[in-house]
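This report concerns only the one structure given below.
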Amino acid sequence: AQKVTQAQTEISVVEKEDVTLDCVYETRDTTYYLFWYKQPPSGELVFLIRRNSFDEQNEISGRYSWNFQKSTSSFNFTITASQVVDSAVYFCALTQTGANNLFFGTGTRLTVIP
Amino acid sequence: ETGVTQTPRHLVMGMTNKKSLKCEQHLGHNAMYWYKQSAKKPLELMFVYSLEERVENNSVPSRFSPECPNSSHLFLHLHTLQPEDSALYLCASSQDRIPRGGYTFGSGTRLTVV
(Lines give C-alpha, C1' and ligand atoms only; values in the text may rest on other atoms or scores of the structure.)
Protein backbone atom coordinates (compact mmCIF):
# COMPACT_ATOMS: atom_id res chain seq x y z
CA ALA A 1 0.00 0.00 0.00
CA GLN A 2 1.09 3.55 -0.54
CA LYS A 3 0.30 6.60 1.51
CA VAL A 4 1.42 10.19 1.83
CA THR A 5 1.03 12.07 5.11
CA GLN A 6 1.23 15.81 5.49
CA ALA A 7 0.62 16.29 9.18
CA GLN A 8 0.64 20.09 9.05
CA THR A 9 -2.80 21.23 7.97
CA GLU A 10 -2.14 24.96 8.14
CA ILE A 11 0.96 27.04 8.78
CA SER A 12 1.26 30.81 9.13
CA VAL A 13 4.55 32.63 9.01
CA VAL A 14 5.59 36.24 8.82
CA GLU A 15 7.21 37.36 5.61
CA LYS A 16 10.95 36.63 5.40
CA GLU A 17 10.76 33.76 7.85
CA ASP A 18 11.87 30.31 6.76
CA VAL A 19 9.28 27.54 6.77
CA THR A 20 9.47 23.77 6.32
CA LEU A 21 6.59 21.68 5.08
CA ASP A 22 6.73 18.05 6.12
CA CYS A 23 5.92 15.02 3.97
CA VAL A 24 6.13 11.40 5.10
CA TYR A 25 5.41 8.58 2.70
CA GLU A 26 4.79 4.86 2.81
CA THR A 27 5.44 2.39 0.04
CA ARG A 28 6.61 -1.18 -0.28
CA ASP A 29 8.15 -0.58 -3.68
CA THR A 30 11.85 0.14 -4.05
CA THR A 31 11.24 2.23 -7.16
CA TYR A 32 9.05 5.24 -6.58
CA TYR A 33 8.76 8.91 -7.39
CA LEU A 34 7.98 11.82 -5.13
CA PHE A 35 6.55 15.20 -6.08
CA TRP A 36 5.62 18.56 -4.66
CA TYR A 37 2.87 20.71 -6.14
CA LYS A 38 1.74 24.23 -5.29
CA GLN A 39 -1.92 25.25 -5.52
CA PRO A 40 -2.38 29.03 -5.39
CA PRO A 41 -5.85 30.55 -4.91
CA SER A 42 -6.45 30.38 -8.66
CA GLY A 43 -6.83 26.62 -8.30
CA GLU A 44 -4.33 25.11 -10.71
CA LEU A 45 -1.78 22.74 -9.19
CA VAL A 46 1.69 23.73 -10.30
CA PHE A 47 4.51 21.20 -10.45
CA LEU A 48 7.52 22.12 -8.28
CA ILE A 49 9.80 19.09 -8.15
CA ARG A 50 10.13 15.39 -8.89
CA ARG A 51 12.49 12.96 -7.16
CA ASN A 52 13.07 9.27 -7.82
CA SER A 53 13.87 6.81 -5.07
CA PHE A 54 17.43 6.27 -6.25
CA ASP A 55 18.43 9.88 -6.00
CA GLU A 56 18.71 11.10 -2.43
CA GLN A 57 20.61 14.20 -3.31
CA ASN A 58 18.97 17.26 -1.87
CA GLU A 59 17.97 20.00 -4.26
CA ILE A 60 17.90 23.76 -4.10
CA SER A 61 16.07 26.00 -6.51
CA GLY A 62 16.25 29.63 -5.55
CA ARG A 63 14.44 30.03 -2.22
CA TYR A 64 13.11 26.48 -2.39
CA SER A 65 14.93 23.41 -1.14
CA TRP A 66 13.98 19.79 -0.68
CA ASN A 67 15.36 17.25 1.78
CA PHE A 68 14.81 13.63 0.75
CA GLN A 69 15.65 11.06 3.42
CA LYS A 70 14.86 7.42 2.71
CA SER A 71 15.84 6.42 6.24
CA THR A 72 12.88 8.34 7.63
CA SER A 73 10.67 8.11 4.51
CA SER A 74 10.46 11.86 4.35
CA PHE A 75 10.59 14.42 1.60
CA ASN A 76 10.42 17.82 3.27
CA PHE A 77 10.17 21.16 1.53
CA THR A 78 11.72 24.36 2.87
CA ILE A 79 11.01 27.89 1.71
CA THR A 80 13.67 30.36 2.72
CA ALA A 81 12.82 34.03 3.26
CA SER A 82 9.14 33.45 2.58
CA GLN A 83 7.13 35.94 0.55
CA VAL A 84 3.43 36.69 0.35
CA VAL A 85 3.32 35.07 -3.10
CA ASP A 86 4.26 31.77 -1.46
CA SER A 87 0.83 31.65 0.17
CA ALA A 88 -0.84 28.56 -1.26
CA VAL A 89 -1.72 24.97 -0.52
CA TYR A 90 1.21 22.63 -1.03
CA PHE A 91 0.75 18.97 -1.88
CA CYS A 92 3.22 16.14 -1.63
CA ALA A 93 2.58 13.12 -3.88
CA LEU A 94 3.93 9.66 -4.63
CA THR A 95 3.74 7.16 -7.45
CA GLN A 96 5.39 3.80 -7.93
CA THR A 97 5.86 1.00 -10.40
CA GLY A 98 2.51 -0.38 -11.50
CA ALA A 99 0.49 2.54 -10.21
CA ASN A 100 -1.97 4.28 -12.50
CA ASN A 101 -1.92 7.57 -10.67
CA LEU A 102 -0.29 9.85 -8.13
CA PHE A 103 -1.20 9.46 -4.46
CA PHE A 104 -1.56 12.86 -2.84
CA GLY A 105 -1.25 13.97 0.74
CA THR A 106 -3.98 16.13 2.22
CA GLY A 107 -2.01 19.31 1.63
CA THR A 108 -0.60 22.04 3.84
CA ARG A 109 -2.07 25.53 3.60
CA LEU A 110 0.71 28.08 3.97
CA THR A 111 -0.14 31.69 4.74
CA VAL A 112 2.63 34.25 4.61
CA ILE A 113 1.69 37.38 6.51
CA PRO A 114 3.16 40.65 5.26
CA GLU B 1 -2.49 26.92 -26.73
CA THR B 2 -0.23 24.86 -24.56
CA GLY B 3 -0.67 22.81 -21.41
CA VAL B 4 -3.99 21.56 -20.13
CA THR B 5 -7.11 23.65 -20.71
CA GLN B 6 -10.36 23.16 -18.85
CA THR B 7 -13.70 24.72 -19.71
CA PRO B 8 -15.76 26.18 -18.30
CA ARG B 9 -13.89 27.74 -15.37
CA HIS B 10 -17.09 28.14 -13.39
CA LEU B 11 -20.40 26.31 -13.66
CA VAL B 12 -23.64 26.62 -11.72
CA MET B 13 -26.21 23.95 -12.41
CA GLY B 14 -29.47 22.74 -10.98
CA MET B 15 -29.91 19.21 -9.79
CA THR B 16 -31.97 18.26 -12.83
CA ASN B 17 -29.59 19.73 -15.41
CA LYS B 18 -27.17 17.97 -17.70
CA LYS B 19 -23.83 19.58 -18.36
CA SER B 20 -20.36 18.59 -19.48
CA LEU B 21 -16.87 19.57 -18.41
CA LYS B 22 -14.19 19.62 -21.05
CA CYS B 23 -10.46 19.07 -20.77
CA GLU B 24 -7.95 19.40 -23.58
CA GLN B 25 -4.21 18.82 -23.54
CA HIS B 26 -1.70 19.87 -26.16
CA LEU B 27 1.29 18.09 -24.65
CA GLY B 28 1.15 14.80 -26.54
CA HIS B 29 0.49 12.97 -23.29
CA ASN B 30 -1.03 9.50 -23.28
CA ALA B 31 -2.90 9.52 -19.96
CA MET B 32 -5.57 11.81 -18.58
CA TYR B 33 -7.26 12.05 -15.19
CA TRP B 34 -10.25 13.56 -13.43
CA TYR B 35 -9.90 14.60 -9.79
CA LYS B 36 -12.44 16.08 -7.42
CA GLN B 37 -11.36 18.58 -4.79
CA SER B 38 -13.96 19.43 -2.16
CA ALA B 39 -13.48 21.97 0.58
CA LYS B 40 -11.54 20.59 3.52
CA LYS B 41 -11.07 17.22 1.80
CA PRO B 42 -8.14 15.58 0.03
CA LEU B 43 -7.88 15.32 -3.72
CA GLU B 44 -10.05 12.42 -4.85
CA LEU B 45 -9.13 10.47 -7.94
CA MET B 46 -12.21 9.84 -10.09
CA PHE B 47 -11.13 8.38 -13.42
CA VAL B 48 -7.95 7.44 -15.26
CA TYR B 49 -7.68 7.09 -19.02
CA SER B 50 -4.69 5.71 -20.89
CA LEU B 51 -4.68 5.92 -24.69
CA GLU B 52 -8.42 6.57 -24.60
CA GLU B 53 -9.11 3.49 -22.54
CA ARG B 54 -10.52 3.83 -19.05
CA VAL B 55 -8.13 2.06 -16.69
CA GLU B 56 -9.59 3.15 -13.39
CA ASN B 57 -12.97 4.12 -12.06
CA ASN B 58 -12.57 4.98 -8.44
CA SER B 59 -16.08 4.03 -7.27
CA VAL B 60 -17.58 7.16 -8.75
CA PRO B 61 -21.40 7.45 -8.84
CA SER B 62 -22.98 6.91 -12.22
CA ARG B 63 -24.23 10.49 -12.33
CA PHE B 64 -20.65 11.25 -13.42
CA SER B 65 -19.89 9.83 -16.85
CA PRO B 66 -16.45 10.26 -18.43
CA GLU B 67 -15.67 10.21 -22.11
CA CYS B 68 -12.30 10.17 -23.84
CA PRO B 69 -12.76 10.37 -27.62
CA ASN B 70 -9.03 10.73 -28.27
CA SER B 71 -5.83 11.14 -26.33
CA SER B 72 -6.12 14.94 -26.33
CA HIS B 73 -9.66 15.34 -25.03
CA LEU B 74 -11.44 14.26 -21.90
CA PHE B 75 -15.01 15.05 -20.89
CA LEU B 76 -16.98 14.62 -17.72
CA HIS B 77 -20.70 14.45 -18.33
CA LEU B 78 -22.85 15.43 -15.38
CA HIS B 79 -26.51 14.66 -14.75
CA THR B 80 -28.84 14.76 -11.77
CA LEU B 81 -26.10 15.94 -9.45
CA GLN B 82 -26.45 16.57 -5.73
CA PRO B 83 -25.40 19.67 -3.78
CA GLU B 84 -22.56 17.66 -2.21
CA ASP B 85 -21.08 17.30 -5.71
CA SER B 86 -20.18 20.98 -5.60
CA ALA B 87 -16.38 21.07 -5.82
CA LEU B 88 -13.39 21.98 -7.93
CA TYR B 89 -12.96 19.42 -10.69
CA LEU B 90 -9.41 19.13 -11.90
CA CYS B 91 -8.17 17.50 -15.06
CA ALA B 92 -4.58 16.35 -15.40
CA SER B 93 -2.44 14.60 -17.96
CA SER B 94 0.80 12.63 -17.86
CA GLN B 95 3.19 11.35 -20.46
CA ASP B 96 2.51 7.71 -19.68
CA ARG B 97 0.06 5.55 -17.80
CA ILE B 98 2.53 5.29 -14.91
CA PRO B 99 3.03 8.97 -14.16
CA ARG B 100 6.73 8.90 -13.33
CA GLY B 101 7.09 12.41 -14.64
CA GLY B 102 4.14 13.69 -12.66
CA TYR B 103 1.03 15.45 -13.86
CA THR B 104 0.28 18.64 -15.67
CA PHE B 105 -2.94 20.06 -14.28
CA GLY B 106 -5.58 22.28 -15.77
CA SER B 107 -6.95 25.26 -13.87
CA GLY B 108 -10.08 23.36 -12.88
CA THR B 109 -13.81 23.88 -13.16
CA ARG B 110 -15.49 25.18 -10.04
CA LEU B 111 -18.89 23.51 -9.98
CA THR B 112 -21.79 24.65 -7.83
CA VAL B 113 -24.92 22.50 -7.71
CA VAL B 114 -28.02 24.33 -6.56
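The values are calculated or read from the model by the stated rules, or taken from the named source; none is laboratory data. From a predicted model like this one, the values you see are computed outputs, not experimental measurements. Cβ atoms come from the backbone with ideal geometry, glycine included; neighbour counts cover every protein chain shown.
Structural remarks
- Sub-8 Å Cβ pairs linking a first residue in segment B:33-50 that is more than 7 Å from chain A (Cβ to nearest Cβ) and of a type outside the set (G, A, S) to a second residue that is surrounded by fewer than 20 Cβ atoms within 10 Å (Cβ to Cβ) and not in a strand (DSSP E or B), at least 6 apart or interchain, are B:E44/B:S38; B:E44/B:N58; B:M46/B:N58; B:M46/B:V60; B:F47/B:N58; B:F47/B:V60, ordered by first then second residue.
- Among residues of segment A:86-114, those that are surrounded by fewer than 21 Cβ atoms within 10 Å (Cβ to Cβ), out of contact with any helix residue (DSSP H, G or I) (no Cβ under 7 Å at 6 or more places or on another chain) and either in a loop (DSSP other than H, G, I, E, B) or without any contact (Cβ under 8 Å) to a residue 24 or more places away in the chain (or both), counted: 6
- Residues (closer than 15 Å to A:G105 by Cα and small (G, A, S)) located in segment A:18-73: A:S73
- Residues in segment A:45-85 that are in contact (Cβ under 8 Å) with a residue 60 or more places away in the chain and assigned to a strand (DSSP E or B): A:T78, A:I79.
- Qualifying residue in segment A:55-65 (condition: within 14 Å of chain B (Cβ to nearest Cβ), surrounded by fewer than 20 Cβ atoms within 10 Å (Cβ to Cβ) and at pLDDT below 95): yes
- Looking at B:L88, B:L78, just one residue is in contact with a strand residue (DSSP E or B) (Cβ under 8 Å, 6 or more places away or on another chain), surrounded by 17 or more Cβ atoms within 10 Å (Cβ to Cβ), farther than 21 Å from A:P41 by Cα and in contact (Cβ under 8 Å) with a residue 40 or more places away in the chain, and that residue is B:L78.
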